[in-house]
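The values are calculated or read from the model by the stated rules, or taken from the named source; none is laboratory data. Predicted, not measured: the structure shown is a model, and the values here were computed from it. Every residue, glycine as well, gets a Cβ built from its backbone with ideal geometry; the counts of neighbours run over all protein chains shown.
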Amino acid sequence: MKSAIASLRTASSPAENSTQVWLFQSGTAWPAALGAQPEWLRSAWADKRYQHFFNAGGKQHLLVMLEDGKDAATMEKIRKAGAEALSSLQKSKAGSAFIHAQGIATGKVAAFAEGAVLASYRFEKYKSKKAGGLEELVLAEGSLPAIEVRNIAIVCEAVALTRDLVNEPASVLTAPQLSAIFKECGEASGFEVEVLEENRIQALKMGGLLGVNQGSDEPPTFNILEYKGQNPKNSKPLILVGKGVVYDTGGHSLKTSAGMETMKCDMAGAATVLGVMTAAAKMQLPLHIIGLVPATDNRISAAAVSPGDIITISDGSTVEVLNTDAEGRLILADALVFAKRYDPELVLDFATLTGAAARAIGKEGFVYMGTAGDDVKTQLKKAQETVYERGVEFPLWEEYAEQLKSPIADLKNIGGAEGGAITAGKFLQHFTSYPWIHFDIAGTAFNEGGPLGYIPKGGTGNPVRMVLEWLRQR
């Protein structure tokens with residue numbers, strides 16, 4: 001898949017037709033190439049009006065004064081400055097931009113470039129008249145190490161791929177088509193993909209995945225993505241599990257029409273796993289990583305699972321299904337059971353699992369919880385702050401398991417009205433026997449409003465950058 005996003009590279013000098021962008025921070029010398037610095041500009045920056053077009057040498061230049069400081073919040077402001085600059089360049093019909101960053105701290109250059117590239121994303125596949133936009137950003141050589149420029153480009157491409165998948169309508173992105181995209185990306189990026197089709201899924205007795213799929217005309221798939229870098233630092237694999245519900249009507253527990261409008265995004269967990277796998281392989285990280293994605297849609301038909309039915313997960317656990325709209329946890333249960341065969345070091349799962357998570361902390365962050373040690377959680381927290389994709393840890397106290405007790409099965413698939421995000425996580429914990437963390441990304445995976453800085457309307461790509469930062473720290 002080829003996403004519509006600006007490329008990023010370095011060059012020694014700007015091309016003739018490039019708009020030039022000049023980055024400044026406190027103490028940066030005014031470049032002689034722009035002539036004398038006008039008094040009005042000094043006043044504007046003193047008033048914290050940080051971006052201005054400026055004519056010099058018969059050409060238009062964009063001047064950007066970056067925030068002082070180097071903490072995570074400042075770096076996020078600089079990413080947003082990159083997004084603002086990108087918007088200004090697009091309005092001026094620039095096709096290419098050359099960024100001068102002499103004297104600027106490399107971390108700030110990286111944040112600015114990342115924000116600009118991410119903001120250049122557009123999903124125009126189904127528009128008869130495409131708006132287009134800025135095609136490339138070029139950094140002056142020496143602004144950043146070449147490997148860092150390459151890695152920023154790879155991460156942004158992975159985010160764009162994730163956004164593309166989330167934005168695709170369900171009529172196009174069926175479970176089999178999602179599997180075809182996994183294979184295509186594996187071949188292009190350098191990781192292996194095995195797709196288990198319905199007969200294999202039946203042989204494995206994946207009752208959660210098969211149960212959710214009962215109402216569908218499309219078959220389910222179970223996808224295994226594996227990347228093993230040279231001399232991996234982990235002797236046991238890291239496993240990433242993604243919820244792949246390509247469309248969710250709620251089944252017999254039918255959603256409202258408004259509730260279904262954005263349900264093409266219910267496979268954002270699966271898209272996150274693919275985005276991370278493609279970037280890890282392209283960056284050739286020295287790690288062993290496995291992605292597991294159960295994929296299906298959740299439709300309503302005479303054959304669909306009904307409230308009150310009992311299904312059997314692949315480990316033999318029986319589940320009383322009281323709400324067919326709590327389907328994501330059922331297919332994830334089979335994936336978490338499957339993960340046991342790898343004796344993993346750690347399992348992370350990603351799912352647009354509950355409206356309760358979104359209601360709890362809004363679109364500003366995701367919810368996470370799990371049994372992994374404090375060292376892992378500290379590493380993940382550091383990665384969250386670094387890229388500003390943040391989450392809030394919820395508890396998994398044993399008392400929450402009381403809400404999942406069923407009088408006729410091993411457990412039921414929903415708890416009470418309170419603590420819904422936690423009881424969903426508690427349900428998943430039942431199927432784990434290894435260090436594990438669950439990320440409920442229901443509030444962050446899809447932006448229903450207008451663009452927010454470098455985050456577009458629609459699929460956001462959150463939390464791909466966070467996971468990749470954590471992997472790179474390792």
By residue number, the members of segment 153-189 that are β-branched (V, I, T) and buried (at least 22 other Cβ atoms within 10 Å of the Cβ) are V155, V159, T162, V166
Selection from segment 63-89 of residues over 21 Å from L452 (Cα atoms) and modelled with pLDDT under 95 yields D68, G69, K70
Exactly one of E418, E402 is assigned to a helix (DSSP H, G or I) and charged (D, E, K, R), and that residue is E402
Residue hits (segment 356-391; of a type outside the set (A, V, I, L, M, F, W, C), part of a loop (DSSP other than H, G, I, E, B) and under 21 Å from A421 (Cα atoms)) are G365, T371, G373, E389, R390
Listed by first then second residue, the pairs whose first member lies in segment 141-157 and is under 14 Å from A279 (Cβ atoms), whose partner is in a loop (DSSP other than H, G, I, E, B), with beta carbons under 7 Å and at least 6 positions apart or on separate chains, are N151/M283; I154/M283; C156/I5; E157/S3; E157/I5
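Conditions (1) within 25 Å of the chain's Cα centre (by Cα); (2) surrounded by 14 or more Cβ atoms within 10 Å (Cβ to Cβ), marked per residue:
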residue: S96; (1), (2): no, yes
residue: I104; (1), (2): no, yes
residue: A113; (1), (2): yes, yes
residue: Y126; (1), (2): yes, no
residue: E136; (1), (2): yes, yes
Checked T444, T432, T371 against criteria (closer than 18 Å to T272 by Cα and in the same structural domain as C265 (by TED's automatic domain parsing)); the one match is T444
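Given the options E184, E218, E198, name the one that is within 26 Å of A280 (Cβ to Cβ) and among the acidic types (D, E). Quick ask: steps written out before the conclusion?
Working: E218 fails: within 26 Å of A280 (Cβ to Cβ); E198 fails: within 26 Å of A280 (Cβ to Cβ).
Exactly one residue qualifies, and that residue is E184.
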Checked segment 378-425 for anything within 21 Å of L332 (Cα to Cα), surrounded by 15 or more Cβ atoms within 10 Å (Cβ to Cβ), within 23 Å of the chain's Cα centre (by Cα) and not hydrophobic (A, V, I, L, M, F, W, C); matches are G391, G420, G425
Residue hits (segment 332-369; of a type in the set (G, A, S) and within 30 Å of A203 (Cβ to Cβ)) are A333, A335, A339, A351
Of the residues in segment 455-473, those that are among the polar types (S, T, N, Q) and in contact with a strand residue (DSSP E or B) (Cβ under 9 Å, 6 or more places away or on another chain) come to T460, N462
If you go through T256, T262, the only one that is closer than 26 Å to L322 by Cβ, surrounded by fewer than 24 Cβ atoms within 10 Å (Cβ to Cβ), within 21 Å of the chain's Cα centre (by Cα) and not acidic (D, E) is T262
Expected single match for surrounded by fewer than 24 Cβ atoms within 10 Å (Cβ to Cβ), among the aliphatic types (A, V, I, L, M) and in the same structural domain as T354 (by TED's automatic domain parsing) among L240, L274, L196 is L196
(request) Please work out if N231 is touching a Pro at 6+ places or on another chain (Cβ under 6 Å), assigned by TED's automatic domain parsing to the domain that holds I289 and at positive phi. (result) yes
If we keep only residues of segment 353-377 that are of a type in the set (A, V, I, L, M) and under 19 Å from the mean Cα position of the chain (by Cα), then the residue surrounded by the fewest Cβ atoms within 10 Å (Cβ to Cβ) is I361
In segment 49-71, anything closer than 30 Å to T386 by Cα, without any contact (Cβ under 8 Å) to a residue 12 or more places away in the chain and part of a loop (DSSP other than H, G, I, E, B) is listed as R49, G69, D71
Of all strands (runs of 3 or more DSSP E) fully inside segment 274-342, the set with 3 or more residues that are under 25 Å from I239 (Cβ atoms) is 288-298
When every residue in segment 312-352 that is of a type in the set (S, T, N, Q) and either outside the structural domain of G391 (by TED's automatic domain parsing) or under 17 Å from G250 (Cα atoms) (or both) is compared, the one surrounded by the fewest Cβ atoms within 10 Å (Cβ to Cβ) is N323
Return yes when G420 is modelled with pLDDT under 95 and in contact with a helix residue (DSSP H, G or I) (Cβ under 6 Å, 6 or more places away or on another chain) and no when it is not. no
| query | Does at least one position in segment 24-45 carry a residue that is closer than 27 Å to P456 by Cα and touching a residue at least 12 places away in the same chain (Cβ under 8 Å)? | reply | yes
